[in-house]
């Protein structure tokens, strides 16, 4: 599945069809773009919204690899600056070089729902909120069938809490996907393996004891424990280098991006 023709039209629409391709969706360090720079010129708000809207459609349907940066760009729809136009042109240059990226689905007898989730603690400098990301696949080799990158609704006080909140968002999507798949196939997809790279968050789910370091976490996130105790999920530790949800929370350099894309697209 791909949207190469649609993306070609997007590039032509914004006069970027003949641009020089880039190998990554965004720059490696995006923290400076979160800070308000008074010398940064305000750009064309209407044009910026058109450009971001065009990318959101592609991101939602077939291009999970641009989820993080498009989510980042969409947070500035009301007040885009010149620097944001620089970022969005970078994305279009990346798309120019990856027009044929496709989600490759293959027939398999071993269908099993798995998930990866991650969080980048306090990465947004202007409000110090964390970024959550997750992705789901029906195979160990990909591709993904559901994905998301989203700024968390509250400030996390620790890396463990940020990761715990990311697991919570993953479980919400898991509930929907399991019900949908069971209705379509009559198969039992539980327990679902959720891979995360924070051992503290995993221990917090598995240990129901409420202690001083976790009691501040909002009650609405503790339904993860119910999922774990009822055997709906199985939390597994994975090293950060092998956590494919990492690409939904931060920018990647080319080697890491190529490795993640093999799973994300099922190449």
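Quick notes on this structure:
- Filtered by the rule that a residue be closer than 22 Å to residue 1 by Cβ and in a strand (DSSP E or B), segment 135-158 gives 135, 136, 137, 144, 145, 146, 147, 148, 149.
- Among the residues making up segment 40-50, those that are surrounded by 14 or more Cβ atoms within 10 Å (Cβ to Cβ) and not in a helix (DSSP H, G or I) are 40, 43.
- Condition met for residue 175 (modelled with pLDDT of 90 or more and over 23 Å from residue 121 (Cβ atoms)): yes
- Candidate set from segment 51-75 (those that are touching a residue at least 24 places away in the same chain (Cβ under 8 Å) and either in the same structural domain as residue 245 (by TED's automatic domain parsing) or more than 17 Å from the chain's Cα centre (by Cα) (or both)); member that is surrounded by the fewest Cβ atoms within 10 Å (Cβ to Cβ): 54
- Criterion violated by residue 132 - all others in (1) touching a helix residue (DSSP H, G or I) at 6+ places or on another chain (Cβ under 6 Å); (2) more than 28 Å from residue 108 (Cα to Cα); (3) at pLDDT 90 or above; (4) not in a strand (DSSP E or B) satisfied: (4)
- Identity of the residue in segment 221-241, out of contact with any strand residue (DSSP E or B) (no Cβ under 6 Å at 6 or more places or on another chain) and touching a residue at least 40 places away in the same chain (Cβ under 8 Å), that ends up surrounded by the most Cβ atoms within 10 Å (Cβ to Cβ): 224
- In this structure, residue 217 does satisfy being in a loop (DSSP other than H, G, I, E, B), at pLDDT below 90 and on the phi < 0 side of the Ramachandran plot.
- Residue in segment 149-162 that is in contact with a strand residue (DSSP E or B) (Cβ under 6 Å, 6 or more places away or on another chain), buried (at least 16 other Cβ atoms within 10 Å of the Cβ) and under 15 Å from residue 194 (Cα atoms) present: no
- Within segment 82-105, being in a loop (DSSP other than H, G, I, E, B) and either closer than 14 Å to residue 15 by Cα or within 18 Å of the chain's Cα centre (by Cα) (or both) holds for 101, 102, 103.
- If you filter segment 186-201 down to residues that are without any contact (Cβ under 8 Å) to a residue 60 or more places away in the chain and farther than 15 Å from residue 249 by Cβ, you find that the one that is surrounded by the most Cβ atoms within 10 Å (Cβ to Cβ) is 191.
The values are calculated or read from the model by the stated rules, or taken from the named source; none is laboratory data. These numbers were taken from a predicted model, which means no experiment stands behind them. Because the Cβ atoms are built from the backbone with ideal geometry, glycine has one as well, and the counts that use them run over all protein chains shown.
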